[in-house]
Each structure stands twice: as C-alpha cells, then as structure tokens.
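Reviewing the structure listed below.
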Amino acid sequence: MSGVAQPAGAGRLASLDAFRGFDMCFIMAFDGLVASLAWLFSGIADWNAFLDASWIARQMRHVPWNGLHWIDCVFPTFLFIAGVSFPYSYAKQVARGDSPRAIHLRLLRRALVLIALGVAYNGFFGLEFPMRYGSVLGKIGFAWGFAALLYVHFRAKARVGIAFGILLAYWLVTRFVPAPDAPPGTDVFTAAGCFAGWVDRMIMPGVFYCKDPATGRSLLEPNGLVVCVAAIPTAMFGMLAGDFVRSALSGAKKAAFMLLASAALVALGLLVSLSFPINKIMWSPSFTLVAGGGSLAFFAAFYWLMDVKGWRRWAFFFRVIGMNSIFIYLFQRVVPVRTVSLFFVGGLARLVDPGEGAAWSCVVYAGQIAVCWLVLYFLYRKQTFLRT
C-alpha cells in the first residue's frame, strides 16, 4: 500500500481495531504480566520490595490521586478511540439515508445501553443496596453520547471551541467554587473540597469510589455527573481525529500532523497542570490534554503502520481483541478467568516456580490472557461481535 491513505468516507480503519485491542490488553491481565516479567528479571524476591523499587511495576498501578501512570491512560484512550470511530459510523448512516430522528435514537440507545451495562457490571443483580451506580461504561455512554450529539449538530471549528470551553469552565468552577459543605480552608482539588464532589453528594444515589477514610462517607464519584461532563472533550478529540483521517491529505501527512498535534496537547496539559494537577479521578483538564495527546500519538503510529504502510499482519492479535472490546470487559466480570487459567496452567506454574513467585505469576497471567484471547478468537471466527 502506498503513502496515500484511504479516501474520505472509506471503510473501517484497520488501525482502529488494532489500537483498541492494544489498549484493552491492559485490562486483560497484560498489566499483571508486564509487572511480573519486570519482577522476574529484577532479582528482588519480595513483591512489596520490588514494587517500591520498580518504575515499570508502578506504571501498571493507578495513581492514588495526583499524577499519571501508564495504566491511568487506558480508560481515556478507549474513550478517545470510541470518538475516532464515530465519524465513520455517522457517514455510513447518512450515506444509506438514515433520518436525523433514526440517528438520534440510535445515539440515545447506545448511550443508555452502556449506562445500563455499567450498572450491571457494578453488581446490580446482587441486589445489595446501596450500591455504586457510577461506572466506566456509564461514563463512556454519557461522554461519548454528548460528544456524538455535538458532532451531529456542529462543525469542526465550533466543536474545537466547545471542547476547550468545557475544559476552561471546569477549571474555573473547580478553582473558584469550593464545595459548599466542605470545612473552610479545604483544598478545592480534593475529593472533599471540589465542586464536582459536592454535586455528586447532592444528587447521586448510592455509594461513591472516594470516601472519607475516617467516617466512610462518600465524597466523590469518578464517574459522577460533573466528571462525566469533563470527559466529553476526550471523546470530542477522538472525533476530531476521526474527521482528520477522513480528509484528502496523504496518509504520511496525516500521521505527521497528528504527532505534532499530540505534542501540542501534551505540552498544553503540562502547562495547565501547574494550576490544576493531572488527576484521573477528577478527570482534570490537564489529565484530559495529556492523556488525549498520548492517545493521539499512539493512534498516529498505528494509523501510519497499518493504513498508510499497509503492515497489518503483526497486529492480528490486537485486532481480535479490539473487535469485541466491550464483550471482554464484561466477560472478565462474569467469568472467573483467573480460576480458569489456574485450572489449565496452575500445574505448569507450580512446576516452574513452586514458591509462587515471579515465574509462577508470569505463567498464570499469560494463562489469563490466553483464555480471554481464545474466547475472542472463537467469536472472531464466528463473526460474532457485541455491538451497543
């Protein structure tokens, strides 16, 4: 394939499914495998001591509050990718003559299905209340749904202004409107002191992820209303990227421009972090910009390799995952994949490492990945994909 990319309106991007699959690997036990491999070659016997010493292992664990590790970017990258795919989906719907009403109903249905799946994922069928209603899937449904509505009704320049307007508004509200129920002097960039947490406490039912360690009182839900609004620009950035790759520029130029744009977003995010720290739980504007820039850089690389240069075979493993990403996310919640892995590879793991140390962990995590991938490959061969 030459350096000329697909023409505007062309079919599904090969790179998009592979990129999504690469991202989803890190919720499919790949994070554990990376940490275990690093442990294996570290020469440190104790896991806790290894965690204290290993930069790689820490990257596979979420930052407790401010800061950014590799694993913190998995969720925003998935939301970004969902944004990239929408211009293609929307163009297809328009081309086949779908009415505006049908398109809007489809958007609403997808958003509501994701929100409902998120509630189910959190344990609704356990019927133990109060429960946590905010969810990753619900946040995707909310943020992607509103971003898609904005895409349908506004041109690209207006959407750029709206996206940065949301980030600016969130920064201003958080910085200058402390939570009315917080004690005087409480830091506005904390779960107890931020405006987003106060809104959650006022209107959201159930329990939240962030709680007061002393009292157990719910303080902030990372998938609450205000934080979900703050995530809308992440999906919008993806849609802008999707629009861009559908343009008539050559593929090489598109990849180069996306890399330049990614560097600009990261630089802007680091600048903004001086006044609003990078924080995934709050989905701070600095987090949105830095994670969005990183997502764009990786998308540019996958796009250049697969859709511009035509090098696709290497990514088959990832494509199988990426074409059923929602399914594997839910599958791991319902099926005890680690138990299945131990059933098949537990003996081998004990054989190579009777002490259940680093080598044992590597085998078990590799088994988990294999179980998930083989299920996905079976569905891939049957051309069965979970669509929302």
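The values are calculated or read from the model by the stated rules, or taken from the named source; none is laboratory data. Everything numeric here is computed off the predicted structure, so don't read it as measured data. Positions of Cβ are backbone-derived with ideal geometry, glycine not excepted, and every protein chain shown enters the neighbour counts. Quick note on the areas: whole protein, heavy atoms, side chains included, nothing else; ligands and nucleic acids left out. Shrake-Rupley method; radii C 1.70, N 1.55, O 1.52, S 1.80 Å.
When the accessible area of the chain is computed with all protein chains present and a 1.4 Å probe, what percentage of it is carbon and sulfur? If you can, show how the numbers build up before the last one.
Details: 12400 of 18190 Å².
Heavy-atom surface of the chain belonging to carbon and sulfur, 1.4 Å probe: 68 percent.
Once you've got the GNM for the chain with C-alpha springs shorter than 10 Å, pick whichever of Glu128, Glu356, Glu221 has the biggest mean-square fluctuation.
Glu128
Evaluate the Debye formula for region 194-263 with equal point scatterers sitting on the alpha carbons, no solvent, and hand back log10 of I(q)/I(0) at q = 0.22 Å⁻¹, in q order, two decimals.
The calculated log intensity ratios at q = 0.22 Å⁻¹ are -0.88.
Taking amide H positions as placed in the peptide plane 1.01 Å from N, state which residues far from Lys211 in sequence (5 or more) or on other chains have amide H under 5 Å from it.
Those lying under 5 Å, H to H, from Lys211 are Leu219.
For Tyr380, tell me the accessible area in Å² from a 1.4 Å probe, rounded to the nearest 10.
Around 50 Å² of this residue is reachable by solvent.
Viscosity 1.567 mPa s, temperature 4 °C: what is the translational diffusion coefficient of region 301-388 from Stokes-Einstein with a Kirkwood Rh over Cα pairs, rounded to a whole number of µm²/s?
Working: Rh = 14.7 Å.
Taking Rh from Cα pairs, D becomes 88 µm²/s.
Using the basic label-point model (7 angstrom from Cα toward the beta carbon), what is the Ala370 to Lys157 distance in nanometres?
5.7
What are the membrane-span-like helices in the chain by this rule: whole DSSP H runs, Cα extent along the axis at least 27 Å, mean Kyte-Doolittle hydropathy at least 1.6?
Values: long enough: 74-95 (33 Å, 0.98); 100-121 (31 Å, 1.04); 156-176 (30 Å, 1.19); 225-245 (31 Å, 1.97); 251-272 (31 Å, 1.78); 358-381 (34 Å, 1.37).
Long hydrophobic helices here: 225-245, 251-272.
Give the ranking of Lys280, Lys92 by solvent-accessible surface, highest area first, calculated with a 1.4 Å probe. Present the calculation step by step, with values, prior to reporting the outcome.
Working: Lys280 50, Lys92 130 Å².
Reading off the accessible areas and sorting them downward yields Lys92, Lys280.
Only residues of region 19-54 count here: report those whose backbone N is under 11 Å from the spot 7 Å along Cα→Cβ of Arg61, or say none.
47-54
Divide by every residue of the chain the summed helix terms, -39500 (n - 2.57) for each DSSP H run of at least 4, and state the resulting mean residue ellipticity at 222 nm, rounded to the nearest 500 deg cm²/dmol. Each step should come with its number before you reach the end.
Details: 16 runs with 245 residues, N = 388.
Computed ellipticity for the chain at 222 nm equals -21000 deg cm²/dmol.
How long are the three semi-axes of the equivalent ellipsoid of region 177-219, in whole Å, if each is the root of 5 times an eigenvalue of the C-alpha gyration tensor, listed from largest down? Don't skip to the end; give the middle numbers.
Working: eigenvalues 51, 31, 12 Å².
Semi-axes from the Cα gyration tensor: 16, 12, 8 Å.
For region 285-388, which trypsin sites (Lys or Arg not before Pro) pass both filters: DSSP loop (anything but H, G, I, E, B) and at most 12 other C-beta atoms within 10 Å?
Numbers: sites: Lys309, Arg312, Arg313, Arg319, Arg333, Arg338, Arg350, Arg381, Lys382, Arg387; in loops: Lys309, Arg312, Lys382, Arg387.
Taking region 285-388 and a limit of 12 other Cβ atoms within 10 Å, the loop trypsin sites (Lys or Arg not before Pro) found are Lys382, Arg387.
How much accessible area per residue does region 1-128 have, in Å², with a 1.4 Å probe? Spell out each step's value before the answer.
Values: 6330 Å² over 128 residues.
On a per-residue basis, 49 Å².
Compute a Gaussian network model of the chain, connecting alpha carbons closer than 10 Å, and tell me which residue from Met282, Met202, Met306 fluctuates the most.
Sorting by GNM fluctuation, first place goes to Met202.
How do Val334, Val177, Val272, Val245 rank by accessible surface area computed with a 1.4 Å probe, from largest to smallest? Kindly include the intermediate steps, with their values, before the conclusion.
Details: Val334 120, Val177 60, Val272 35, Val245 5 Å².
Result, largest first: Val334, Val177, Val272, Val245.
Viscosity 0.890 mPa s, temperature 25 °C: give me the Stokes-Einstein translational D for the chain in µm²/s, with Rh taken as the Kirkwood radius over C-alpha pairs.
Result for D is 110 µm²/s.
Of Lys157/Lys211; Lys157/Lys254; Lys139/Lys253; Lys139/Lys382; Lys280/Lys309; Lys253/Lys382, which ones are farther than 28 Å apart at the Cα? Walk me through the numbers before you get to the answer.
Numbers: Lys157/Lys211 40 Å; Lys157/Lys254 18 Å; Lys139/Lys253 33 Å; Lys139/Lys382 30 Å; Lys280/Lys309 34 Å; Lys253/Lys382 37 Å.
Long pairs (Cα-Cα over 28 Å): Lys157/Lys211; Lys139/Lys253; Lys139/Lys382; Lys280/Lys309; Lys253/Lys382.
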